[in-house]
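The values are calculated or read from the model by the stated rules, or taken from the named source; none is laboratory data. As the structure is a computational prediction, the values presented were derived from the model and not from experiment. All Cβ positions, even for glycine, are placed from backbone atoms using ideal geometry, and neighbour counts span all protein chains on display. Each accessible area value is taken on the protein alone, full model and side chains, heavy atoms only, with ligands, DNA and RNA left out. Shrake-Rupley method; radii C 1.70, N 1.55, O 1.52, S 1.80 Å.
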Amino acid sequence: MTAAALFFYLFSAVMIASAFLVVTARNPVHSVLFLILAFVNAAGLFILLGAEFLAMILVVVYVGAVAVLFLFVVMMLDVDFAELKQGFMQYLPIGATIGGIVLLELAFVLGSWSIGPVTTMHVPTPTPQGLSNTAALGSVLYTQYFYLFEASGLVLLTAMIGAIVLTLHHKVGVKRQSIEEQNARTAKEAVELKKVPSRAGI
């Protein structure tokens, strides 16, 4: 067995076990940690396939942002998971039926799937000769699809600003800083001079 095959079976086994534990873990924090472990092993599989850019995106975006955000939300919010699980038995028959149908479809797909000896010969080369996967993807994004790439960034920025505006609610009676009013203040408005008689106090 080669080293690549050994690492493939190692990453695959750990990823499948982590994905199973994400669903079956009782503690939601443990579920998020197992999800992070599944993402890391999936990134290892992408590296074995030669897609190092996808592996980096999986670690940076999903592990570094999405999964950590899930973890912070689960740990910071006081969610009553016992109350959420009260309707579990009510929806169990429907969920079991859908799960059985999906497993049956997967069994049909795996049973009829086969790869011919000529199939691998027609797979196109993923990257140009002499370029890595990341370099080839970057050259395509920033040359041929440059305007579409910038437009997608503007769409995401607009969506982020819209979400902030829709969810931002100012509380009544809370003092806030107004830079315009501070810059417009004069010395007469900011300082009040009082002449106090001697030995009289304020």
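List of remarks:
- Looking across the range 166-175 at every residue that is of a type in the set (A, V, I, L, M) and open to solvent by 100 Å² or more (accessible area, probe 1.4 Å), the one that is modelled with the highest pLDDT is identified as L166.
- Filter result for the condition that a residue is open to solvent by less than 70 Å² (accessible area, probe 1.4 Å) and modelled with pLDDT of 85 or more, over A42, A25: A42
- Residue in the range 67-77 that is loosely packed, with under 10 Cβ neighbours inside 10 Å and modelled with pLDDT under 75 present: yes
Table: residues versus (1) under 28 Å from the mean Cα position of the chain (by Cα); (2) charged (D, E, K, R); (3) modelled with pLDDT of 85 or more; (4) open to solvent by 90 Å² or more (accessible area, probe 1.4 Å).
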| residue | (1), (2), (3), (4) |
| --- | --- |
| L92 | no, no, no, no |
| G95 | yes, no, no, no |
| V102 | yes, no, yes, no |
| V118 | no, no, no, no |
| H122 | no, no, no, yes |
| T125 | no, no, no, yes |
| Q144 | yes, no, yes, yes |
| S152 | yes, no, yes, no |
| A159 | yes, no, yes, no |
